[in-house]
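S.K.: My questions will all concern the structure given below.
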Amino acid sequence: MLNKEERGAEEFISNILEAFSKIKAEIDEKGGEFDFRYSLADYFLKEVLGWTREEGEGHFKIERERKDIICYDDSDPPLPVLIVETVSPNEESASHIGKLEGYLKEIGRVRYGILTNGRNLSVYEYNRDKKGERINRRLELNVDEIVHKGIADLTEEEKRDIFQLRIFVKDRFVKFGDVDYLKTYRNDIPLNYKLGYDLFIEGLRKSLEELNGVFTQFSGAYEIRTHISEERLREAFENWKKTRVGGEAEPKETFCKETAYILLNRILFTRICEDKGYIPRKISREALAAFYEDHRGLPTPYLKVLEDAFEIAEREYERIYQAKIFD
């Protein structure tokens, strides 16, 4: 008699076989890559692995150009976590290995890529470190054969191989706590590729909008205070206005936006110095996760670690971190 874990594995394998049986039926009827792509998304990604079309919940997007299906996590903005390269059922999957490898290198943060024509399915694993980039095939399934056999006639090895697809279930990529997310994902993105650059710019744009909103709210709240902080803010604002050559239609809005730019530039510069090894890591990857774990009792742990990072960076590059009119 199967225990709960074994029953769950059998159910997952059965669902995979059912999904590809449906896909195979539609492949035989229609035969085109575009139709196959939608069948794969609906039966495999959506019904079995739990991905949705709703952005922000762990969604997939069907591409009309280049990468065929990309799955995204629930971060803001969503970041890619899985690439599925589909091939026409009438073509050999092997002819598209180079394309998938190129996509994995271009994005730089996606660990796995799936390559399939509906009759065969391969999983490739991407790794990047100081030694360079490596892409290895982790799994290969003969879909036609396992669907034809059915779950009752599968070997134990075939079952283990199919069960490996469980690593692509949506729940493994969403709803991470801060520490787990920082430990699990490598968010450095190679900017020498267009997609990586676009992801980076989109993240900067989103961060700038949020910072600008915070500073605008902060400015409005402090204007009504009878405190030295209000005096410092007013003095900084008046000094800033003296540096302007032309008049500003909305001077406070511009002041807040430029303040956001300066803070974001300092964060970026600090992170670059950490990545280049010029200063110890504080605000990236495992270092940030470790700090957060050790300082959970602080009301604002991220502010504290940012201040610590700025203090270290200022020792090396004092002029960039000097308190000026925007501070």
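The values are calculated or read from the model by the stated rules, or taken from the named source; none is laboratory data. This structure is a prediction, so every number in the text was calculated from the model and none was measured. Because the Cβ atoms are built from the backbone with ideal geometry, glycine has one as well, and the counts that use them run over all protein chains shown.
S.K.: Output the residues belonging to the stretch 107-126 that are touching a residue at least 40 places away in the same chain (Cβ under 8 Å) and either farther than 15 Å from Leu165 by Cβ or of a type in the set (Gly, Ala, Ser) (or both).
M.R.: If the condition is that a residue be touching a residue at least 40 places away in the same chain (Cβ under 8 Å) and either farther than 15 Å from Leu165 by Cβ or of a type in the set (Gly, Ala, Ser) (or both), then Ile107, Gly108, Arg109, Asn117, Gly118, Arg119 are the ones that fit.
Here is a yes/no grid of residues against (1) in contact with a helix residue (DSSP H, G or I) (Cβ under 9 Å, 6 or more places away or on another chain); (2) more than 19 Å from Ser122 (Cβ to Cβ); (3) not in a loop (DSSP other than H, G, I, E, B):
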site	(1), (2), (3)
Glu54	no, yes, no
Glu57	yes, yes, no
Lys61	no, yes, yes
Arg64	yes, yes, no
Ser75	yes, yes, no
Pro78	no, yes, no
Ile83	yes, no, yes
Ser88	yes, no, no
Glu91	yes, no, no
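S.K.: Another question, if that's okay. Please determine, by comparing only the residues of the stretch 18-41 that are hydrophobic (A, V, I, L, M, F, W, C) and crowded, with 18+ Cβ neighbours inside 10 Å, which one is modelled with the lowest pLDDT. Let's see the steps before the verdict.
M.R.: Here is the first cut: in the stretch 18-41, the ones hydrophobic (A, V, I, L, M, F, W, C) are 19-20, 23, 25, 27, 34, 36, 40-41.
The next check asks that each one be crowded, with 18+ Cβ neighbours inside 10 Å; those that pass are 19-20, 23, 27, 36, 40-41.
Numbers: Ala19: 96, Phe20: 95, Ile23: 93, Ile27: 81, Phe36: 88, Leu40: 94, Ala41: 94.
Filtering first and then ranking leaves Ile27.
S.K.: Among the residues of the stretch 276-288, which ones are modelled with pLDDT of 85 or more and in a helix (DSSP H, G or I)?
M.R.: Just the residues of the stretch 276-288 that are modelled with pLDDT of 85 or more, to begin with: 276-283, 287-288.
Listed by number, the residues that qualify are Ala287, Leu288.
S.K.: Being in contact with a strand residue (DSSP E or B) (Cβ under 7 Å, 6 or more places away or on another chain) and of a type in the set (Asp, Glu) is the filter here, so list the residues in the stretch 88-115 that pass it.
M.R.: Glu101, the sole residue that qualifies.
S.K.: Now for a separate question. Just the residues that are surrounded by 23 or more Cβ atoms within 10 Å (Cβ to Cβ) and not polar (S, T, N, Q), please, taken from the stretch 107-123.
M.R.: Gly113, Ile114, Leu115, Gly118, Leu121
S.K.: For the stretch 267-300, what are the residues that are without any contact (Cβ under 8 Å) to a residue 24 or more places away in the chain, over 19 Å from Val179 (Cβ atoms) and charged (D, E, K, R)?
M.R.: Matches in the stretch 267-300: Lys276 only.
S.K.: List, please: which pairs have Cβ atoms under 6 Å, are six or more places apart or on different chains, and start with a residue in the stretch 45-60 that is of a type in the set (Ser, Thr, Tyr) and end with one that is surrounded by 14 or more Cβ atoms within 10 Å (Cβ to Cβ) and part of a helix (DSSP H, G or I)?
M.R.: none
S.K.: Could you check the stretch 72-106 and list, in sequence order, the residues that are among the charged types (D, E, K, R) and either buried (at least 18 other Cβ atoms within 10 Å of the Cβ) or in contact (Cβ under 8 Å) with a residue 60 or more places away in the chain (or both)? Full working, then the answer.
M.R.: Residues of the stretch 72-106 that are among the charged types (D, E, K, R), as a first pass: 73-74, 76, 85, 91-92, 99, 101, 105-106.
Matches in the stretch 72-106: Asp73, Asp74, Asp76, Glu85, Lys105, Glu106.
S.K.: Which of the residues belonging to the stretch 252-292 are surrounded by fewer than 17 Cβ atoms within 10 Å (Cβ to Cβ) and either at positive phi or acidic (Asp, Glu) (or both)?
M.R.: Glu253, Glu258, Asp275, Gly277, Arg285, Glu286
S.K.: Separate question: With a cut-off of at least 1 residues that are farther than 24 Å from Ala9 by Cα, under 26 Å from the mean Cα position of the chain (by Cα) and not assigned by TED's automatic domain parsing to the domain that holds Leu79, name the helices (runs of 4 or more DSSP H) lying wholly within the stretch 99-187.
M.R.: Hits in the stretch 99-187: 178-184.
S.K.: Can you run down the residue pairs with Cβ atoms below 7 Å, 6 or more apart or on separate chains, where the first is in the stretch 127-146 and under 16 Å from Ala94 (Cβ atoms) and modelled with pLDDT of 95 or more and the partner is assigned to a helix (DSSP H, G or I) and among the aliphatic types (A, V, I, L, M)?
M.R.: Qualifying pairs under 7 Å: Leu141/Ile162.
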